[in-house]
Amino acid sequence: MELPASAENFTTMGKAKAYLGDAFQEVFGPSGEKVHFFFSPGRANLIGEHTDYNGGLALPFAIQLGTFGAARAREDDRLRFCSLSFPDLQVIESRIGNLSYKKKDGWANYPKGVVWAYAKKGMEAPRGMDLLIAGTLPIGAGLSSSASLEVLTGLALQSLFGFPISKVQTALLAQETENGFCGAHTGIMDPFACLMGEEGHAILLQSSSLKYEQVPVHVDGCRLILTDTRVKHSLASSAYNDRRKTCEDALSYLERGAREPLKFLCDLSPEEFEKRKIAIPDEDCREKAAHVIRENARTRQAAEALKKGDLERFGQLLYASHESLRDLFEVSCPELDFLVDKSQKMPYVLGSRMMGGGFGGCTITLLKEGREEKYRQEMRRGFTGRFGREPAFYQVEITDGAREI
Ligand code: GLA
């Protein structure tokens with residue numbers, strides 16, 4: 001068989017399962033235990049960036065690109081992980097009782113961290129596990145390949161060992177893996193979207209309560225497209241943690257002298273914030289908070305525009321979000337700005353913005369149907385002229401969330 005995997009092997013769930021099943025036997029060998037199969041999507045986000053860890057709204061959805069996995073329980077306490085996306089097919093090993101983050105383990109820190117997070121919550125794996133994964137998600141493109149893998153590992157543990165937990169708890173444990181094991185202080189949006197995704201719908205997520213509403217994405221006459229800068233900033237994770245800290249500082253300034261306790265920045269409306277922002281002495285911190293609070297309001301407006309089918313308005317909100325992420329929250333980069341600036345000059349584009357944590361990754365763009373090829377050509381030409389390399393494009397299909405297949 002062809003190893004490592006190619007995209008061709010994953011065009012349908014049936015093909016993926018057959019391919020993974022064969023590869024699993026080849027990598028881990030036979031055993032009397034049943035092999036279980038899973039799919040966990042990546043995520044995109046229409047709007048609502050850096051709001052999730054501030055108790056605000058986001059509007060993400062699950063995409064057709066994602067992580068496939070095959071898992072089987074073992075007799076002993078060993079955990080063995082292998083990915084078909086890397087040519088060396090290295091098997092990375094750990095033991096259930098001895099899990100810690102190790103740089104050399106690379107991607108395998110995510111599944112290791114999930115086993116650790118479940119154990120911390122009283123769900124220690126009673127036996128080891130072999131896990132083979134393969135992904136169609138570009139890694140480091142800001143489409144949540146890590147959350148996708150964490151959610152998949154969680155589903156595998158649940159299925160193999162019978163841990164009866166809800167989807168919301170599954171998302172929280174994926175977040176705990178990032179925060180407590182991998183040291184990235186990310187919010188809940190990514191694993192939540194991987195799990196709750198529903199075909200044709202975006203999830204209007206209220207992060208403070210984890211309540212959500214499925215909003216149909218009717219973009220009649222238009223299309224959504226992701227454009228990948230292929231920029232992966234090594235400092236993205238530390239800059240993300242910095243932004244989060246700045247938001248916490250802003251909250252504690254705003255709380256001082258306030259009559260009512262303030263739990264999250266997004267508990268303030270933009271108007272209330274205007275009245276109270278003087279409490280934040282540092283201008284940079286004030287601007288970061290302003291982004292968060294206005295982005296929260298924009299997300300509510302964008303969901304309304306989408307429900308009404310007002311795509312012009314929706315597109316304007318995407319541009320406004322980008323401007324704020326660039327100028328106030330300062331998480332954009334020249335490549336993302338270039339893509340958004342250029343799309344603003346294309347009459348058939350309704351809106352565009354950087355997506356995810358920032359400092360690289362993709363933009364999400366709403367454009368008139370039938371103009372996708374023209375967009376790709378113009379963008380490719382312009383981007384290559386400026387940066388000397390091509391961007392990548394992914395068409396968007398809004399799919400169901402993670403599941404056993
Ligand atoms: C990353 C994090 C999310 C969210 C976004 C920004 O994707 O994982 O929790 O904070 O950045 O909106």
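The values are calculated or read from the model by the stated rules, or taken from the named source; none is laboratory data. These figures come from a predicted structure and were not determined experimentally. Here the Cβ positions follow ideal geometry from the backbone for every residue, glycine too, while neighbour counts run over all protein chains shown. Protein only, heavy atoms only, side chains kept; ligands, DNA and RNA dropped before computing areas. Shrake-Rupley method; radii C 1.70, N 1.55, O 1.52, S 1.80 Å.
For Thr177, the conditions (1) β-branched (Val, Ile, Thr); (2) away from the ligand (no atom under 14 Å from the Cβ); (3) crowded, with 20+ Cβ neighbours inside 10 Å all hold with the exception of (2).
Within this structure, Glu274 fails the test of being open to solvent by 80 Å² or more (accessible area, probe 1.4 Å) and outside any helix (DSSP H, G or I). Taking segment 3-57 as the range and being of a type in the set (Lys, Arg) and within 16 Å of the ligand (Cβ to nearest atom) as the test, only Arg43 passes. When Gly66, Gly135 are checked against the criterion of being crowded, with 20+ Cβ neighbours inside 10 Å and either over 19 Å from Cys182 (Cβ atoms) or without any contact (Cβ under 8 Å) to a residue 12 or more places away in the chain (or both), Gly66 stands alone in meeting it.
Being assigned to a loop (DSSP other than H, G, I, E, B) and out of contact with any helix residue (DSSP H, G or I) (no Cβ under 9 Å at 6 or more places or on another chain) is the filter; apply it to segment 180-218 and report the residue that is surrounded by the fewest Cβ atoms within 10 Å (Cβ to Cβ). Looking at residues that are assigned to a loop (DSSP other than H, G, I, E, B) and out of contact with any helix residue (DSSP H, G or I) (no Cβ under 9 Å at 6 or more places or on another chain), I get Ser209.
You will find that of Lys263, Lys245, the residue that is farther than 19 Å from Ser324 by Cα and within 31 Å of the chain's Cα centre (by Cα) is Lys263 and no other.
Taken over segment 79-91, the criterion of being open to solvent by 50 Å² or more (accessible area, probe 1.4 Å) and either over 22 Å from the mean Cα position of the chain (by Cα) or of a type in the set (A, V, I, L, M, F, W, C) (or both) is satisfied by Phe86, Pro87, Asp88, Gln90, Val91.
Restricting the first member to segment 77-94 and to residues that are at positive phi and modelled with pLDDT under 95, and the second to residues that are open to solvent by less than 10 Å² (accessible area, probe 1.4 Å) and of a type outside the set (Ser, Thr, Tyr), the beta-carbon pairs closer than 7 Å and six or more apart or on different chains are Leu89/Cys82. For segment 163-170, does any single residue satisfy the condition of being within 16 Å of the ligand (Cβ to nearest atom), in a helix (DSSP H, G or I) and not aromatic (Phe, Trp, Tyr)? Within segment 163-170, one or more residues are within 16 Å of the ligand (Cβ to nearest atom), in a helix (DSSP H, G or I) and not aromatic (Phe, Trp, Tyr). Within segment 92-121, the set of residues being of a type outside the set (Lys, Arg) and open to solvent by 70 Å² or more (accessible area, probe 1.4 Å) comprises Glu93, Gly97, Asn98, Tyr101.
Considering (1) within 30 Å of Thr170 (Cα to Cα); (2) touching a residue at least 60 places away in the same chain (Cβ under 8 Å), say which one Gln301 fails and leave the rest. Evaluating Gln301 over (1) within 30 Å of Thr170 (Cα to Cα); (2) touching a residue at least 60 places away in the same chain (Cβ under 8 Å) leaves (2) as the failure.
When Ser321, Ser332 are screened for being within 30 Å of Glu390 (Cα to Cα) and open to solvent by less than 10 Å² (accessible area, probe 1.4 Å), only Ser321 passes.
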